[in-house]
Ligand SMILES: NC(=O)c1ccc[n+]([C@@H]2O[C@H](COP(=O)([O-])OP(=O)(O)OC[C@H]3O[C@@H](n4cnc5c(N)ncnc54)[C@H](O)[C@@H]3O)[C@@H](O)[C@H]2O)c1
């Protein structure tokens, strides 16, 4: 197994991409902390992993809250003795708001969840990785994090920021044995669109035009999880500070 005896925290692990990553990591031998805001859905994922012979615990953690992020990492260390892998996956979209229509509170919420949360989770986990002299951080960015026309302004900015965070941490801690990489998924079949309300129809139209250039049907979440497994395992030992697009060719357009 590729992640034997590793401890992995996955945020937003109760649904979609995060759930697939948590399940695949557990199958590969990792002890997994399933962190999310959705308590009921966390239990279902944790029960499923444990019933299949894996090891998982659930933690209710809102990545917008510093105290929740701290407690999430402390619980991982308490339960499993450390943190080897951190997957910053929790994320929300922004109703395709253009700069003309984006509200301050929407901007701040999107940045808080998609960018500040990952920064805090890395800041808190890093000392445990440094003690061991190794660690893998995987940030789930987006095709909107490497191009300008595949989301609203807040989502696009947050995911570009996440790519910058990835490169900075990857470079600065390379000599300490820490690797930090991002995945930029294209469209994936998950529940993310359920959270969108009050769409900016102009922004939505541009997104739909862009979506038409994705070269494939939306991915199954497991097609992103397999990339996250590669980045967490020794198979990617020399891969650091970079972004892997997993988008069926979308960003090649
Ligand atoms: N689905 C896509 O097409 C797509 C494309 C590119 C990137 N992504 C990225 O993939 C990641 C996962 O999204 P998904 O598509 O699986 O969505 P999803 O909505 O199915 O799952 C997201 C999970 O994150 C949780 N979450 C939301 N806010 C949270 C918070 N403040 N704290 C903790 N957990 C929180 C939700 O409860 C949910 O369980 C996101 O970062 C998203 O931006 C998704």
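Only the coordinates and a few stated rules stand behind these numbers; no lab work does. These numbers come from a predicted model, not from an experiment. Heads up, the Cβs are rebuilt from the backbone with ideal geometry, glycines too, and the neighbour counts pull from every protein chain shown.
Report the calculated FRET efficiency for residue 79 and residue 39 (r = Cβ-Cβ distance, R0 = 25 Å), to the nearest 0.05.
0.90
When ranked by the protection proxy of mean other Cβ atoms within 10 Å per residue, highest first, what sequence do the peptides 53-59, 105-111 form?
53-59, 105-111
Can you tell me the order of 207-218, 14-25 when each peptide is scored by its average per-residue count of other Cβ atoms within 10 angstrom, highest first?
Highest-to-lowest ranking by the protection proxy: 14-25, 207-218.
So for the chain, averaging the separation of alpha carbon pairs under 8 Å that are six or more residues apart and normalising by length, what relative contact order in percent results?
21
Measure nothing fancy, just the Cα-based angle from helix 16-27's long axis to the longest principal axis of the chain, in degrees from 0 to 90, nearest 10.
20
Using the basic label-point model (7 angstrom from Cα toward the beta carbon), what is the residue 108 to residue 194 distance in nanometres?
Each label point is offset 7 Å from its Cα along the Cβ direction, giving 2.8 nm.
Quickly work out the residue 172-to-residue 51 label distance, labels modelled 7 Å from Cα along the C-beta direction, and quote it in nm with one decimal.
Output for this residue pair reads 4.3 nm.
Which order do the peptides 118-125, 242-249, 6-13 come out in when sorted by mean C-beta neighbours inside 10 angstrom, highest first?
6-13, 118-125, 242-249
In whole angstrom, note down how far apart the Cα centers of the range 184-208 and the range 131-171 are.
19
If the convex hull of the alpha-carbon atoms of the range 33-127 is projected onto planes in all directions, what is the mean projected area in square nanometres?
Mean orientational projected area (the range 33-127, Cα hull): 7.0 nm².
Given the alpha-carbon gyration tensor of the chain, what are the semi-axes of its equivalent ellipsoid in whole angstrom, ordered largest first, with each equal to the square root of 5 times an eigenvalue?
28, 19, 18
With only alpha-carbon pairs counted, each pair once and no self-pairs, how large is the Kirkwood hydrodynamic radius of the range 147-241 in angstroms?
In the range 147-241 this quantity evaluates to 15.4 Å.
Counting helices only, and only those DSSP H runs with n ≥ 4, report the 222 nm mean residue ellipticity of the chain as the sum of -39,500 (n - 2.57) divided by its residues, in deg cm²/dmol to the nearest 500.
My calculation for the chain gives -13500 deg cm²/dmol from helical runs alone.
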